[in-house]
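Engineer: One structure, pasted below without further comment.
Read-outs: derived from the displayed coordinates by stated rules, not from any lab. Bear in mind that the values here come from a model prediction, so they are computed numbers and not experimental data. When we count neighbours, we look across all protein chains shown, and the Cβ atoms used for this are built from the backbone with ideal geometry, even at glycine.
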Amino acid sequence: MAKPSSSWARVAGRNITADPIVIANIVRGEGYKVQAGKQQDGAPFLQSDMQGLPFTIFMNNCIAGKACRTIQFYAGFSVSTPRSLELINRWNQTKRFAKAYIDDQDDPRLEMDLNLADGGIARDNFIADFQLWVRLLAQFRDHIGWNSESDGHSGSDNSD
């Protein structure tokens, strides 16, 4: 079997894994503020917001709060008037990469998962996925007709 070329090894070495420091730096590089925290199980998470709409990046499938294999982009929306299941289903029927659901308090939620196990993904691909998340988050806000003034604050805590 042939060995990988040294140029391939250099590119592979730049892959993005579920390292919260690296991910926080990328998110900052995209123009967003980031605050780090820890989940109840010790796994890290990052909080940020897009135009006043908070979201969280959870590091998941971790060993002892480290060596995480996946991440999840997450946003929750508090609403004064419950949104219909049909509205949420319409989103899921037309959007591939971010799934929506209604939690047990009738509030809409949006999630997008990334598998970064076994060496991660290229930096450019991660940035493209993050930019996709931001676009989908804005589209979902519009899709459900969420307004911070009439509905209240959105949340980024999925500990429901």
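Engineer: Looking for whichever is closer than 30 Å to I16 by Cβ, among the basic types (K, R) and part of a helix (DSSP H, G or I) here; the options are R90, R96, R135. Which one fits?
Structural biologist: It is R135.
Engineer: Still on this model: So which residues in segment 28-66 are among the aromatic types (F, W, Y) and in a strand (DSSP E or B), if there are any at all?
Structural biologist: Once the filter is applied, which keeps residues that are among the aromatic types (F, W, Y) and in a strand (DSSP E or B), segment 28-66 yields F45, F55, F58.
Engineer: Report, ordered by the first and then the second residue, all pairs with beta carbons closer than 9 Å, sequence separation of six or more or different chains, a first member in segment 125-143 that is closer than 14 Å to Y74 by Cα, and a second member that is part of a helix (DSSP H, G or I) and β-branched (V, I, T).
Structural biologist: Within 9 Å, the pairs are F130/I23; F130/I26; F130/V27.
Engineer: Let me ask you something else. Mind listing whichever residues of segment 69-87 are part of a loop (DSSP other than H, G, I, E, B), of a type outside the set (S, T, N, Q) and either under 14 Å from W146 (Cβ atoms) or in contact (Cβ under 8 Å) with a residue 60 or more places away in the chain (or both)?
Structural biologist: Selection gives V79, P82, R83.
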